[in-house]
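In what follows, a structure is listed as structure tokens, so that the remarks can point back to it.
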Amino acid sequence: MPRLAHKIGTLLFCPDCGTLLNLPKDGEPIVTCEQCHYEEPASSYENIETITRSHPEAFPSALRQKRKTQTKEHDADADLVKVNEQCPECGFPEAYYKERQMRGADEGSTILYTCVDCAHGWRVNN
């Protein structure tokens, strides 16, 4: 019975010296071990199924990276100011107010309101 290369996954190793065998070149019937000159038939490489898997974190998207770097938690009421603004939901006359630059720098800011009574939120663009 002829000796054949040792197969581990999709790799073939020389049965004599253990060297990793190169892939056969187009049209060549044999692969020669670079160390001991053992000859392996190129047909040994036929019908080898290659399955590759990547860990989900191996190729992070820019969006995923951005989400990871912007997950700071702040005190929710640290920058809220109470103003006289009527809630469109319940009609209560006071709301918390904060201003954010949510659009381009050349555009106005956005005012975010939260009703003191029912916690309904709404926004007004300046």
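Summary of computed values
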{"read-out": "Selection from the stretch 26-40 of residues that are outside any loop (DSSP other than H, G, I, E, B) and in contact with a helix residue (DSSP H, G or I) (Cβ under 9 Å, 6 or more places away or on another chain)", "value": "Ile30, Val31"}
{"read-out": "Considering residues of the stretch 1-43 that are within 36 Å of the chain's Cα centre (by Cα) and of a type in the set (Val, Ile, Thr) only, the residue nearest to Arg53 (Cα to Cα)", "value": "Thr10"}
{"read-out": "Hey, Pro88 open to solvent by 80 Å² or more (accessible area, probe 1.4 Å), under 30 Å from Leu12 (Cβ atoms) and at pLDDT 90 or above or not", "value": "no"}
{"read-out": "When residues of the stretch 1-25 are limited to those that are in a loop (DSSP other than H, G, I, E, B) and among the β-branched types (Val, Ile, Thr), the one surrounded by the most Cβ atoms within 10 Å (Cβ to Cβ)", "value": "Thr19"}
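The values are calculated or read from the model by the stated rules, or taken from the named source; none is laboratory data. Keep in mind it's a predicted model, so treat the numbers as computed, not measured. Backbone-built Cβ (ideal geometry, glycine too); neighbour counts: all protein chains shown. We work out accessible area using only protein heavy atoms, side chains counted, and drop any ligands, DNA or RNA first. Shrake-Rupley method; radii C 1.70, N 1.55, O 1.52, S 1.80 Å.
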